[in-house]
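Here's the structure, in structure tokens; my notes come after.
The values are calculated or read from the model by the stated rules, or taken from the named source; none is laboratory data. Not measured: the values here are computed from a predicted model. When we count neighbours, we look across all protein chains shown, and the Cβ atoms used for this are built from the backbone with ideal geometry, even at glycine. To get the accessible areas, we keep the full protein, side chains included, count just its heavy atoms, and leave off ligands, DNA and RNA. Shrake-Rupley method; radii C 1.70, N 1.55, O 1.52, S 1.80 Å.
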Amino acid sequence: MSTQKFTRRSVLAGAAGLTASLVVRGSAGASKRHRFAVVGRGPMGAAAARHLATAGEDVVVVGPEEPEDWSQHEGAFASHYDEGRQFELASSEKVLVRLAKDSVRGFQEVEKATGIAFFRRHSNLRVGPAGFSDDHYYNWDGIDAVGREFGVETVHLDDQGLSEKFPQFRFESGSRGLVEPNGGVINPRRMVKAQLRAAEANRATVISDEVLALNRRSGDIEVVLKNGKSISADQVLIAAGAFTNSAKLLERRLVMYLYGVTAVLVEVPGESRPDMPTFTCRFGSEEKSPVCFAMPPLQYPDGRWYIKGATASSVDSPIAGDDGIGPWFRGKGVGEDPKLVVGMLRKLLPGFEPGKARALPCMVSYTPTGNPYIDRIDERVGVAVGGNAWGVMTSDEIGRMA
Ligand SMILES: Cc1cc2nc3c(=O)[nH]c(=O)nc-3n(C[C@H](O)[C@H](O)[C@H](O)COP(=O)(O)OP(=O)(O)OC[C@H]3O[C@@H](n4cnc5c(N)ncnc54)[C@H](O)[C@@H]3O)c2cc1C
């Protein structure tokens, strides 16, 4: 990753220099004029559409359905095609904590309005060598300071505390742990479905398609769709996740760093499923020491239960250029990760006998500041992008602000 420093202000100032673009591909047909068009039906776009619709605005949201066969799909993918994401406030990043905390009210409103449950409280656990600290996951002092400011409950545990509280785990001796009892698990697929349903209940229009171009005209913006038709809107919000630059809807690129993540689905055979928090465990203090992330067993669309795990291999999987995005999603991620994750789960959960493991490629979009871009690019086009690996748990508030 580049070490060059960019500030959010400098990036947006650069982006604001965009002149009116005239980028048209495909043929367009006449359509009703909307006040707002949202490009992207992911967590951020769906939340923004709901907030606009519930505020009484006329909004249309456009994005493709999840592909059935990822390996053959040539269009856009998304980073939320999964059954589990962590909700975690134990962090030294104030912006993250504020956005996530403020999203909870929105999640609850949407669940109530639609009857679609997607968010539940669940404890989070982070474990590492006692003497180790960094500026992120293991910034213990920073986590405590931000936690005090935002009222985040956490419990620190030593070796003995860890084995008493989590007897099903075997951590290396000399470990230190942090429990967040009021963490949580979000089902991102269901969350997007619920946000869109709530938006539609407030008269939003949802279109299943990709946007090929934005044609800025004097009175409106023509949003050109892949199906050859077009939409007319006064203003456009781009929430296209990792595809924000490659979709070429902006005349000048936003500074974003894309990394491929190899999530690993480890099947939980039989009826007995490990009772476990979501956890992050670091084995060793070296920069390249192995790290294991895992969610508790979750049921996937095939009806089976899986523990979704990952290593930290994403740091070695930067996506080189726009042309690298599609192949990453169509591929199988880092080949050795399923074996590594299974090995780490065996070590940590000796009572668990893992079933088959397979890779689920995903992608994270980082910004130079680590915060999302939620702003206007010019008078008529705005963006809500840059999940920085926490774009699900913060999405409702990002959508509201956008
Ligand atoms: C393995 C993994 C684990 C993660 N864990 C967590 C976690 O625990 N907690 C958390 O909060 N976050 C987590 N994240 C990050 C989170 O998934 C993302 O930040 C989030 O999905 C970003 O939402 P988004 O709406 O910006 O993008 P996306 O989810 O990618 O949605 C963007 C949408 O835009 C659509 N689109 C793209 N191009 C076009 C176009 N031209 N026209 C129309 N639509 C278009 C896409 O199809 C997609 O539906 C994780 C990510 C990965 C990969």
Looking only at the stretch 307-318, filter to residues that are more than 21 Å from residue 126 (Cβ to Cβ) and away from the ligand (no atom under 12 Å from the Cβ); which one of those is surrounded by the most Cβ atoms within 10 Å (Cβ to Cβ)? 318
Evaluate the following for residue 304: is it away from the ligand (no atom under 14 Å from the Cβ) and open to solvent by 10 Å² or more (accessible area, probe 1.4 Å)? yes
Tell me, which strands (runs of 3 or more DSSP E) wholly within the stretch 288-402 include 1 or more residues that are under 18 Å from residue 238 (Cβ atoms) and aromatic (Phe, Trp, Tyr)? 357-366, 373-376
From the options 258, 178, 237, residue that is farther than 30 Å from residue 296 by Cα and buried (at least 21 other Cβ atoms within 10 Å of the Cβ): 237
Count, please, the residues in the stretch 269-294 that happen to be closer than 28 Å to residue 329 by Cβ and open to solvent by less than 10 Å² (accessible area, probe 1.4 Å). 6
Scan the stretch 217-231 for residues that are in contact with a strand residue (DSSP E or B) (Cβ under 6 Å, 6 or more places away or on another chain), open to solvent by 10 Å² or more (accessible area, probe 1.4 Å) and farther than 15 Å from residue 59 by Cα and report the count. 1
Is the stretch 109-121 home to any residue that is part of a loop (DSSP other than H, G, I, E, B), in contact with a Gly (Cβ under 8 Å, 6 or more places away or on another chain), at pLDDT 95 or above and among the aromatic types (Phe, Trp, Tyr)? no
I need the full set of residues from the stretch 51-67 which are open to solvent by 60 Å² or more (accessible area, probe 1.4 Å) and closer than 19 Å to residue 191 by Cα, in order please. 54, 65, 66
Those residues of the stretch 122-170 that are of a type in the set (D, E, K, R), touching a Pro at 6+ places or on another chain (Cβ under 9 Å) and either within 15 Å of residue 92 (Cα to Cα) or assigned to a strand (DSSP E or B) (or both) come to a total of 1
Looking at the stretch 343-356, can you tell me whether even one residue there is in contact with a strand residue (DSSP E or B) (Cβ under 7 Å, 6 or more places away or on another chain), in contact (Cβ under 8 Å) with a residue 40 or more places away in the chain, open to solvent by 40 Å² or more (accessible area, probe 1.4 Å) and under 17 Å from residue 308 (Cβ atoms)? yes
Could you say which residue among 324, 386 is within 11 Å of the ligand (Cβ to nearest atom) and either more than 20 Å from residue 281 (Cα to Cα) or touching a helix residue (DSSP H, G or I) at 6+ places or on another chain (Cβ under 8 Å) (or both)? 386
Of all residues in the stretch 68-88 being farther than 22 Å from residue 266 by Cα and more than 8 Å from the ligand (Cβ to nearest atom), which is surrounded by the most Cβ atoms within 10 Å (Cβ to Cβ)? 73
Which one of these is surrounded by 15 or more Cβ atoms within 10 Å (Cβ to Cβ) and under 29 Å from residue 128 (Cα atoms): 331, 370? 370
